[in-house]
Amino acid sequence: HYIGMKPIHPDSIPELAYFPYVIIGLVVLGIAVAFVPKRGLWLSWAALIVVLGALGIYDFYLWEYDYGHNLDPNAPIKVAGMAYQPPLIGSKMLLNFKADSYPHWGAIALVLAIGLSVLAWWQEGKSSGAASKAPNWKQAYSLTAWWLLLLVGASGCSPQPRPIQYGKDACAFCQMTIVDQRYGTELVSKTGKVYTFDSIECLVQYLQQGKLPKEEVYQSLLTDFNQPGQLIEAGGSYVLFSPDLPSPMGMYLTAFADPAEARTFLEEHPGKLFDWQALQRQFDSLAQEVRSSKIN
């Protein structure tokens with residue numbers, strides 16, 4: 001926002017809502033043609049994925065072009081002639097930020113599905129004199145392709161957390177690099193987008209400011225202080241507010257999965273203990289308490 005780039009909200013990207021249904025439709029269509037012993041249908045299905053994939057890549061290019069070029073003219077920082085379009089494929093430095101864009105498991109599975117379908121088409125052509133109309137080993141290529149695509153669709157429709165990459169991931173709220181494995185937190189949206197944070201306080205403020213509307217939150221995760229790097233459900237956690245335990249952004253908030261461990265730490269490090277809902281309700285007063293103590 002300092003250089004005028006727009007905030008990214010999942011509900012402003014309609015493709016995230018309807019694309020899973022496109023994948024499911026391709027899966028259903030693929031399973032149907034897999035049992036029809038007509039090689040032309042197999043090739044047509046592969047061609048359909050190629051065309052839709054190309055359109056999807058073009059759509060993404062248009063989105064990132066607008067994101068990197070259509071900047072707020074009132075932004076406090078302006079660099080003449082500078083655009084901030086992320087790379088379509090590859091790596092690129094945007095001022096002091098490095099943006100990486102490479103195919104991941106979903107794209108790899110799609111390419112395998114296309115390749116297996118084309119291979120089935122080619123093999124069937126080599127042995128076109130075969131009389132059997134029952135599914136044979138050549139059709140197994142196609143069936144494998146459909147199942148690979150089914151896995152892609154299933155993974156795309158099921159939001160899930162991912163491990164925080166400490167030393168690489170940046171906090172979605174304060175943009176600091178996340179380094180302390182005892183305090184990392186995470187939000188997962190209903191569209192599957194993962195937001196990482198360097199502390200509990202950054203996650204709570206991100207929610208309070210509506211950067212991710214609460215109705216779009218699929219899962220909130222904190223890190224168990226006694227198990228660095230281990231994400232736990234925020235709803236079942238216990239958060240200790242104690243000046244003896246400084247957290248990365250200065251709010252003294254530490255999470256525990258086990259209530260007995262939380263109470264033990266409370267005895268050793270005087271403060272206040274909250275569950276997740278109570279912490280969110282009391283956050284502003286705790287922030288005021290921290291500010292007052294620092295001023296005094």
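The values are calculated or read from the model by the stated rules, or taken from the named source; none is laboratory data. Please read these numbers as outputs of a predicted model, since none were measured by experiment. For neighbour counting, all protein chains shown are included, and Cβ atoms are generated from backbone atoms with ideal geometry for every residue, glycine included. We work out accessible area using only protein heavy atoms, side chains counted, and drop any ligands, DNA or RNA first. Shrake-Rupley method; radii C 1.70, N 1.55, O 1.52, S 1.80 Å.
Can you spot a residue in the range 224-234 that is open to solvent by less than 10 Å² (accessible area, probe 1.4 Å) and farther than 24 Å from P270 by Cβ?
Filtering the range 224-234 for residues open to solvent by less than 10 Å² (accessible area, probe 1.4 Å) gives 224, 234.
Those still in the list that are farther than 24 Å from P270 by Cβ too: none.
No.
Tell me which residues, restricted to the range 55-90, are polar (S, T, N, Q) and either open to solvent by less than 60 Å² (accessible area, probe 1.4 Å) or within 22 Å of G192 (Cβ to Cβ) (or both). If you could, list the steps in order and put the result at the bottom.
The initial filter retains those residues of the range 55-90 that are polar (S, T, N, Q), namely 70, 74, 85.
Hit for the range 55-90 is Q85, nothing else.
In the range 33-65, which residues are in a loop (DSSP other than H, G, I, E, B) and in contact (Cβ under 8 Å) with a residue 60 or more places away in the chain? It would help to see each step written out before you state the result.
Within the range 33-65, the subset in a loop (DSSP other than H, G, I, E, B) is 35-38.
Result: F35, P37.
So which residues in the range 1-24 are among the small types (G, A, S) and open to solvent by 80 Å² or more (accessible area, probe 1.4 Å)? Lay out the reasoning, then the answer.
Start the filter on the range 1-24 by keeping residues that are among the small types (G, A, S), which leaves 4, 12, 17.
Within the range 1-24, none qualify.
For the range 65-75, name all the residues that are over 13 Å from L94 (Cα atoms) and within 29 Å of the chain's Cα centre (by Cα). Talk me through it step by step, then tell me what you get.
As a first pass, look at the range 65-75 and keep what is over 13 Å from L94 (Cα atoms): 65-66, 70-75.
Answer for the range 65-75, where residues must be over 13 Å from L94 (Cα atoms) and within 29 Å of the chain's Cα centre (by Cα): Y65, D66, N70, L71, D72, A75.
When you scan the range 263-281, how many residues do you find that are part of a helix (DSSP H, G or I) and in contact with a Leu (Cβ under 9 Å, 6 or more places away or on another chain)? If you could, list the steps in order and put the result at the bottom.
Taking the range 263-281 and keeping what is part of a helix (DSSP H, G or I), we get 263-268, 276-281.
Going one step further and asking which of them are in contact with a Leu (Cβ under 9 Å, 6 or more places away or on another chain), we end up with 263, 265-266, 276, 279-280.
Here the count works out to 6.
For the range 90-111, does any single residue satisfy the condition of being within 21 Å of the chain's Cα centre (by Cα) and modelled with pLDDT under 75?
Within the range 90-111, one or more residues are within 21 Å of the chain's Cα centre (by Cα) and modelled with pLDDT under 75.
Taking Q219 as the residue in question, decide whether it is at pLDDT below 95, open to solvent by 10 Å² or more (accessible area, probe 1.4 Å) and farther than 18 Å from P161 by Cβ.
On the way: at pLDDT below 95: yes; open to solvent by 10 Å² or more (accessible area, probe 1.4 Å): yes; farther than 18 Å from P161 by Cβ: no.
The answer is no for Q219.
For the subset of the range 241-262 comprising residues that are free of Cβ contacts under 8 Å to residues at least 24 places away in the same chain and not in a loop (DSSP other than H, G, I, E, B), which member is surrounded by the fewest Cβ atoms within 10 Å (Cβ to Cβ)? Don't jump to the end; show me each part of the working.
Of all residues in the range 241-262, those free of Cβ contacts under 8 Å to residues at least 24 places away in the same chain come to 246, 259-260.
If we keep only those that are not in a loop (DSSP other than H, G, I, E, B) too, we end up with 259-260.
Details: P259: 13, A260: 9.
Out of the qualifying residues, it is A260.
Counting only residues that are in contact (Cβ under 8 Å) with a residue 40 or more places away in the chain and open to solvent by less than 70 Å² (accessible area, probe 1.4 Å), which one in the range 164-177 is farthest from K211 (Cα to Cα)? Step through it out loud before you land on a result.
Here is the first cut: in the range 164-177, the residues in contact (Cβ under 8 Å) with a residue 40 or more places away in the chain are 164, 166, 174, 176.
Still in the running and open to solvent by less than 70 Å² (accessible area, probe 1.4 Å): 164, 166, 174.
Values: I164: 20, Y166: 23, C174: 12 Å.
Here the residue is Y166.
Just to be sure I understand, how many residues within the range 44-54 are within 24 Å of K126 (Cβ to Cβ) and either within 23 Å of the chain's Cα centre (by Cα) or surrounded by 18 or more Cβ atoms within 10 Å (Cβ to Cβ) (or both)?
Here is the first cut: in the range 44-54, the residues within 24 Å of K126 (Cβ to Cβ) are 44-50.
If we keep only those that are either within 23 Å of the chain's Cα centre (by Cα) or surrounded by 18 or more Cβ atoms within 10 Å (Cβ to Cβ) (or both) as well, we get 45-46, 49.
Result for the range 44-54: 3.
State whether the residues of the range 37-55 include one that is in contact with a strand residue (DSSP E or B) (Cβ under 9 Å, 6 or more places away or on another chain), among the small types (G, A, S), over 27 Å from E216 (Cα atoms) and modelled with pLDDT of 85 or more.
Checking the range 37-55: not a single residue is in contact with a strand residue (DSSP E or B) (Cβ under 9 Å, 6 or more places away or on another chain), among the small types (G, A, S), over 27 Å from E216 (Cα atoms) and modelled with pLDDT of 85 or more.
Could you say whether any residue in the range 284-296 is under 25 Å from Q230 (Cα atoms) and either open to solvent by less than 70 Å² (accessible area, probe 1.4 Å) or free of Cβ contacts under 8 Å to residues at least 24 places away in the same chain (or both)? Spell out the reasoning first.
Step one: filter the range 284-296 for residues under 25 Å from Q230 (Cα atoms), giving none.
No.
Could you check the range 56-93 and list, in sequence order, the residues that are farther than 25 Å from A46 by Cα, touching a helix residue (DSSP H, G or I) at 6+ places or on another chain (Cβ under 8 Å) and aliphatic (A, V, I, L, M)?
Once the filter is applied, which keeps residues that are farther than 25 Å from A46 by Cα, touching a helix residue (DSSP H, G or I) at 6+ places or on another chain (Cβ under 8 Å) and aliphatic (A, V, I, L, M), the range 56-93 yields only A83.
If you take the residues in the range 91-116 that are in contact with a strand residue (DSSP E or B) (Cβ under 6 Å, 6 or more places away or on another chain) and touching a residue at least 12 places away in the same chain (Cβ under 8 Å), which one is most open to solvent (accessible area, probe 1.4 Å)? It would help to see each step written out before you state the result.
Pass one, the range 91-116, residues in contact with a strand residue (DSSP E or B) (Cβ under 6 Å, 6 or more places away or on another chain): 91-92, 99-100.
Then keep just the ones that are touching a residue at least 12 places away in the same chain (Cβ under 8 Å); that gives 99-100.
Values: A99: 22, D100: 93 Å².
Top of the filtered list is D100.
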